[in-house]
Amino acid sequence: MSAWSLTLALALALAKILKRAQSFTHRRRDWWLRFFFIVLMGGLATNAYSATPVPSQETPSQDHSLILQITHHQHQQWLSLADIETLPLYDVELKHPEGLEGRFTGVWLNVFTAQQGIPEDTRIRLIAHDNYTIFLSHAERKERRYFMVTRFNGLPIERQQMGPLLLIVPADAEGVLEGTLPLTRWIWAIREIRYQ
């Protein structure tokens, strides 16, 4: 049961209890109803865009199929899901603006780039399978915590489902859905990371 469903079920149960409590005066019952409505709305606001990553219980992948190319000048290196998931995994529940909604599992981009020996002050280029490209400077990676998604609801992400890798900013999920923050730094179907 999702947090939203649980909050709604609790609110409905409390409303029934209060309705049956005939011993309450109307004023006291109305006060309690207002109190529980405020609690309910606060819970829904918190849970609707609960996009805070937490340590994952997922077992790191043993899949050694090559999915991501790291390019530095003429040097190329290929990584598998198993290679990427040697880092600590995190889960975040959110709705992606392109439709996926559920549990996203992955690693922090800055931790990943450090593991790969990419200098911290380097601008990186992420390239998707359709050649869509974004650049992230050192300043941008310091300003926002980018999250590289390796799985959706516990499973590797298929190409037709925006995989094999996605880049999201969990802290911006609500703003992106509302249209108050740009989607331009979110990228999916990542196949390559380049740096100079």
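The values are calculated or read from the model by the stated rules, or taken from the named source; none is laboratory data. Every value quoted in this text rests on a predicted model; they were computed, and no experiment measured them. Using ideal geometry, Cβ is built from the backbone for each residue, glycine included, and neighbour counts are taken over all protein chains shown.
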Out of all the residues in the range 58-71, which are touching a residue at least 12 places away in the same chain (Cβ under 8 Å) and either of a type in the set (A, V, I, L, M) or not in a strand (DSSP E or B) (or both)? Glu58, Pro60, Ser61, Gln62, Asp63, His64, Ser65, Leu66, Ile67, Leu68, Ile70
Are any residues in the range 183-196 modelled with pLDDT under 95 and either in contact with a Pro (Cβ under 9 Å, 6 or more places away or on another chain) or in a strand (DSSP E or B) (or both), and if so, which ones? Leu183
Six or more apart or on different chains, Cβ atoms under 7 Å: show the pairs whose first residue is in the range 158-182 and under 26 Å from Ser61 (Cα atoms) and free of Cβ contacts under 8 Å to residues at least 40 places away in the same chain and whose second is surrounded by 12 or more Cβ atoms within 10 Å (Cβ to Cβ) and among the hydroxyl-bearing types (Ser, Thr, Tyr). Val169/Tyr146
For the range 127-157, how many residues meet the condition of being in contact (Cβ under 8 Å) with a residue 40 or more places away in the chain, touching a helix residue (DSSP H, G or I) at 6+ places or on another chain (Cβ under 9 Å) and either exposed (fewer than 14 other Cβ atoms within 10 Å of the Cβ) or under 25 Å from Asp63 (Cβ atoms) (or both)? 7
Among the residues of the range 175-196, which ones are touching a helix residue (DSSP H, G or I) at 6+ places or on another chain (Cβ under 8 Å) and farther than 19 Å from Gln116 by Cβ? Leu181, Pro182, Leu183, Arg185, Trp186, Ala189
Residue in the range 66-78 that is closer than 21 Å to Arg191 by Cβ, of a type outside the set (Lys, Arg), exposed (fewer than 14 other Cβ atoms within 10 Å of the Cβ) and in contact with a Ser or Thr (Cβ under 7 Å, 6 or more places away or on another chain) present: yes
So is Ala51 small (Gly, Ala, Ser) and touching a residue at least 60 places away in the same chain (Cβ under 8 Å) or not? yes
